[in-house]
1. From the residues LEU243, THR32, ILE107, which one has its Cα farthest along the dipole of the chain in the positive direction, the dipole being from +1 and -1 charges on Cβ of Lys/Arg and Asp/Glu about the Cα centre?
2. Within the range 252-277, find all residues whose amide N lies under 15 Å from a label point positioned 7 Å from the Cα of GLU489 along Cα-to-beta-carbon.
3. Over 10 Å intervals from 0, what percent of Cα-Cα pairs in the chain sits in each interval?
4. For the ranges 495-507, 228-240, what's the packing order if you count other beta-carbon atoms within 10 Å of each residue, average per peptide, and put the highest first?
5. Which of the peptides 260-268, 429-437 is most tightly packed, and how do the rest follow, going by the mean number of other Cβ atoms within 10 Å of each residue?
6. Size of the dipole of the chain about the Cα centre, Lys and Arg at +1 and Asp and Glu at -1 on the beta carbon, nothing else charged, in debye to 20?
7. Suppose all protein chains stay in the model; what accessible area per residue would a 1.4 Å probe give for the range 442-537, in Å²?
8. How big is the charge dipole of the range 442-537 about its Cα centre, in debye rounded to the nearest 20, if each Lys and Arg gets +1 on its Cβ and each Asp and Glu gets -1 on its Cβ?
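The values are calculated or read from the model by the stated rules, or taken from the named source; none is laboratory data. This structure is a prediction, so every number in the text was calculated from the model and none was measured. Here the Cβ is made from the backbone with ideal geometry for all residues, glycine too, and neighbour counts use every protein chain on show. Surface areas here come from the heavy atoms of the whole protein model, side chains and all, with no ligands, DNA or RNA. Shrake-Rupley method; radii C 1.70, N 1.55, O 1.52, S 1.80 Å.
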Amino acid sequence: MNPHMMDIPLLISSLIKYADRYHGDTEIVTRTVEGLIHRYNYSEAHSRSKKLANALSNIGIKHGDRVATLAWNTHRHLEIYYGVSGMGAICHTVNPRLFEDQICYIINHAEDVCLFFDLTFLPIVEKLSPQLKSIKKLVLMTDQQNMPTNTINNIICYEELIESESEDFSWPMFPENTDSSLCYTSGTTGNPKGVMYQHRTTILHSYAAVMPDALNLSARDVILPVVPMFHANAWGLPYAAALTGSKLVLPGSGMDGGSLYELFESEKVTLSAGVPTIWMGLVNHLKKEGLKFSTLKRTVIGGSAVPPAMTRTFEENYKVEVIHAWGMTEMSPLGTVSTLRNKHLPLSKKEQLSLKDKQGRAIYGVDMKIVDDDGRELPWDGKAFGELLVRGPWIINSYFKSSDFKTLKVDENKLSWFPTGDVATIDADGFMQITDRSKDVIKTGGEWISSIDLENIAVSHPDITEAAVIAVHHPKWDERPLLVAVKNEGSDIDRDKLLDFFKGKTAKWWVPDDVVFVEELPHTATGKLQKNKLREQYENYKLPTTNK
Ligand code: AMP
């Protein structure tokens, strides 16, 4: 081989090195778990990541070791992202919202050797530590002043760990396909499964994420990722922000509407990202207090379908552009983004907004197709729907240490595709729209009903806060839709009024057979509706249409 171009591996350490050198004075602001606002810049973040890498080497962490975190979005978590991956170990972000036995399972399955955790999670760690067989070091992500006295032995204080270390650390070079970080999917059934990212996949994904038709990030942005750093690496934002040199604002554990709004305003945030449930809380806060955003321009919403009513509230009432994105932990996670093409510019605002209700176009690097039950590709006509398959350089090939991987589907051209488990349409312009998770579609008399479409109609009613539509057994039709809804405080809406609201908005046979009002709906650890729980709860629900 006679390479005419430099052969430089794509490594995560290059991101923080770049941010330090070219955007060293750009701020990183954190609402700390201890409650104060912490402020420093990329240069200091880089120095402290190097101190951490030295400290980790000194406590015996080696290339390829898994280092777990149970932590919020903070500057210390960011240093762990860079320090751990940069030195060649693997940063394993554990979702603290999972059940305790799942946390235990995940840490043991990954064979993590060290656990960094925030003060919030001290009680969980105290309880679980005897069962965490592979963990040799526990590090509490705080300073000496906030170290608890009465707790399990041998907890290391983060600030003490790095305090006396040198900032001199030369990031090692190794092949770009080295494992870098690990995240388990919070599946709704079975044990969580690990998705192992690599340095190369992370860098390529970061390049793709910042593009104008993706998340459109630049050095002029102030980014506040509400999406947690334990959920698919906060959709890659901690990496993408360093790549562009954007200011980062990290909200710690303050995810309520009031705390977020305060940071949006005080730090002049221009772009944020999170799941619809988070935005619901924020919008309710704004409405209640009669507030507006003064700097927020764009917000990325994904992780679950964005209710059309939410897009319109942001765009029309608050003049904030919604960037509707779809992806999966298995896809690093970005797959599609709903941005308009040049030909869509003359369309009316209403038509443009309905395009944004779709999950959007594949970003460069992601290929997708929809197939029928026999694996035959379906047309891109916006009507035919089937299972969505994807492939690309930052998409999973196999789960970490798992034998129960649904094998990739291989097509007639011998290409491997990852079956997403989502059911979708793709229109002639390449806009993909999820109609359901394959296990959530309602199969009625041989036809399929999209639960997402019905939920969107329900939440567009001004009296409904949140809604889930699930399949309930029906003796004649096999399954029929049941709407489980949360109404606004003080609303007197009833079943008939709500079902009336569906008239003219969907096919008659799609209208739910019944409505149950509840105080709240169950969510997974990543904020998605937990429909399997609802299905269990309403398994024997008797629909009023049973005899029809
Ligand atoms: P996770 O790996 O936890 O991020 O979950 C990925 C799954 O979330 C996808 O397979 C979809 O079912 C769902 N999802 C993510 N983004 C969207 C979106 N914009 N609209 C609908 N579903 C979404």
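1. With unit charges placed on the Cβ atoms, the residue in question is LEU243.
2. 257-258
3. In whole percents, the pair-distance histogram is 3, 17, 28, 27, 17, 6, 1, 0.
4. Answer by packing, highest mean first, reads 228-240, 495-507.
5. Going by the mean number of other Cβ atoms within 10 Å, highest first, we get 429-437, 260-268.
6. 680 debye
7. Roughly 48 Å² per residue, with all protein chains present.
8. 360 debye
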